[in-house]
1. Could you check how many residues of the range 205-227 are in contact with a Lys or Arg (Cβ under 9 Å, 6 or more places away or on another chain) and of a type outside the set (A, V, I, L, M, F, W, C)?
2. Any residue in the range 63-86 that is assigned to a helix (DSSP H, G or I), over 19 Å from SER246 (Cβ atoms), among the hydroxyl-bearing types (Ser, Thr, Tyr) and free of Cβ contacts under 8 Å to residues at least 12 places away in the same chain?
3. Residue check, THR193 against (1) of a type in the set (Val, Ile, Thr); (2) more than 30 Å from LEU90 (Cβ to Cβ); (3) in a helix (DSSP H, G or I), all met but one. Which one?
4. Among the candidates VAL208, VAL166, VAL162, which residue alone is out of contact with any Ser or Thr (no Cβ under 8 Å at 6 or more places or on another chain) and of a type in the set (Val, Ile, Thr)?
5. Could you please find all residues in the range 170-190 being without any contact (Cβ under 8 Å) to a residue 24 or more places away in the chain and either in a loop (DSSP other than H, G, I, E, B) or in contact with a Cys (Cβ under 7 Å, 6 or more places away or on another chain) (or both)?
6. Which one is least open to solvent (accessible area, probe 1.4 Å), of the residues in the range 89-111 that are touching a Lys or Arg at 6+ places or on another chain (Cβ under 6 Å) and farther than 10 Å from LEU121 by Cα?
7. Starting from residues that are out of contact with any helix residue (DSSP H, G or I) (no Cβ under 8 Å at 6 or more places or on another chain) and assigned to a helix (DSSP H, G or I), keep the ones in the range 144-169 and report whichever is least open to solvent (accessible area, probe 1.4 Å).
8. Could you check the range 226-236 and list, in sequence order, the residues that are within 22 Å of GLU64 (Cα to Cα) and either touching a helix residue (DSSP H, G or I) at 6+ places or on another chain (Cβ under 6 Å) or surrounded by fewer than 23 Cβ atoms within 10 Å (Cβ to Cβ) (or both)?
Amino acid sequence: MNSEDTPLRSAGLAPVAPARRTLLRAGLTGATALGTGVALGAPPASAAPRTRPRPTTPEEALRELAAGNRRWRTYREQHPDENSATRKSLTTGQHPFALVLGCVDSRVPPELVFDQGLGDLLTVRSAGEVLDEAVLGSVAYGVLELGIPLVLVLGHQSCGAVRAAVEADTSGRQLPAHIQYLAEQIRPAIDRTKEGDARVDATVDANVRAVRSRLASEPDLAAQVTAGKLAVVGARYELTTQLVHSVG
């Protein structure tokens, strides 16, 4: 698929204005990897404090995530916001600049994938990014109570929850207990125009789009999008390249 070369852009209810689209083109893809790795035995990067103001707009938040993912995939992590001063400051409050709704998969921890630290991201994780009342309430809390300007729905390559849903749909097999609930939530996104692994891969993207659309249509969140205070964006993480790219 060519979506790996598509810049992450705002996926709100209103069309993206040209100026805003230009800003977002500096988003989560960028150029090819700049480095091949670090030498074995090299010390880890120092826990650098944040040197720029915390993002307050969707565009700024996307750029920050883009920069962090670039550091991650080129093995130039900064491990920001882990020092003692930051830890102390966070005892009195938090001001995360983005909310990432991702899968529970242990290979896709948002703070690592975007090279962010304490207090930077509000993360909500469920298998296959499945929405329920607890997840919806958590997202609403981040946007309405903490003033977060960006919600990123992050799917990923080789998602086990999506594969389970696709295989159960194909075979008609009932999955164990609560796993069946996950499959039923993902089932409407299954892309039956594809077969085998291609169906799983296409369904990962379709599921991200469905979750993003539902979040963006929630009345309280939609009002924030319309006011230009919030962007709800779909994206995907590639395990093979560590790249995060837009799912439009």
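The values are calculated or read from the model by the stated rules, or taken from the named source; none is laboratory data. Treat the numbers as computed from the prediction; the structure is a model and nothing was measured. Glycine gets a Cβ as well: all are built from the backbone with ideal geometry, and neighbour counts include every protein chain shown. Protein only, heavy atoms only, side chains kept; ligands, DNA and RNA dropped before computing areas. Shrake-Rupley method; radii C 1.70, N 1.55, O 1.52, S 1.80 Å.
1. The qualifying residues number 1.
2. There is at least one residue in the range 63-86 that is assigned to a helix (DSSP H, G or I), over 19 Å from SER246 (Cβ atoms), among the hydroxyl-bearing types (Ser, Thr, Tyr) and free of Cβ contacts under 8 Å to residues at least 12 places away in the same chain.
3. Among (1) of a type in the set (Val, Ile, Thr); (2) more than 30 Å from LEU90 (Cβ to Cβ); (3) in a helix (DSSP H, G or I), THR193 violates only (3).
4. After ruling out the rest, the residue left standing is VAL208.
5. Those that are without any contact (Cβ under 8 Å) to a residue 24 or more places away in the chain and either in a loop (DSSP other than H, G, I, E, B) or in contact with a Cys (Cβ under 7 Å, 6 or more places away or on another chain) (or both): GLY172, ARG173, GLN174, LEU175, PRO176.
6. Applying the filter and picking the extreme gives GLY102.
7. GLU167
8. ALA227, GLY228, LYS229, LEU230, ALA231, VAL232, GLY234
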